[in-house]
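Here is the structure we will look at, set down as structure tokens.
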Amino acid sequence: MGRKPQVYNPTQKSEFRRMTVEVALQRVIAAQSHGWRWGKHCKTHNERAAWINCMKLYDYTIIQLNRTLHGLDKINASCTNSDIQIWLSTALTNLETCRISANDLNVTDFILPH
């Protein structure tokens, strides 16, 4: 039985901002989880290099997105719209950097989630 996709229906800009960061965080966590499953199967230098690179990027991205979410809390409210935009862009760039790195090392089937 398949899972039904969760429906997001933000009614305020602040909800939309939080939602976008949460979705980005979920995507990076899913990519990291995929990476952890494949890490023990690294057989070549290129596979290991791509795996290490991607895992570092995922870790860094998760830390930054969590900080961004923390900065969205009403108590902390330290993130501006520009901060959020920067970290969402950085998350996307880091995922793309992982993909390009794996492609350059010719290990895309090994490291990237399908």
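Details
- For segment 38-56, the criterion of being modelled with pLDDT of 90 or more, among the aromatic types (Phe, Trp, Tyr) and part of a helix (DSSP H, G or I) is met by at least one residue.
- Exactly one residue out of 22, 15 is open to solvent by 70 Å² or more (accessible area, probe 1.4 Å) and among the acidic types (Asp, Glu): that is 15.
- Any hit, segment 98-110, residues being open to solvent by 70 Å² or more (accessible area, probe 1.4 Å), in contact with a Leu (Cβ under 7 Å, 6 or more places away or on another chain) and in a helix (DSSP H, G or I): yes
- Single residue of segment 25-37 satisfying the filter (more than 10 Å from the chain's Cα centre (by Cα) and without any contact (Cβ under 8 Å) to a residue 60 or more places away in the chain) that is least open to solvent (accessible area, probe 1.4 Å): 33
The values are calculated or read from the model by the stated rules, or taken from the named source; none is laboratory data. Remember, it's a predicted structure, so these values are computed and weren't measured experimentally. FYI the Cβ positions are ideal-geometry reconstructions off the backbone, even for glycines, and counts take in every protein chain you see. Quick note on the areas: whole protein, heavy atoms, side chains included, nothing else; ligands and nucleic acids left out. Shrake-Rupley method; radii C 1.70, N 1.55, O 1.52, S 1.80 Å.
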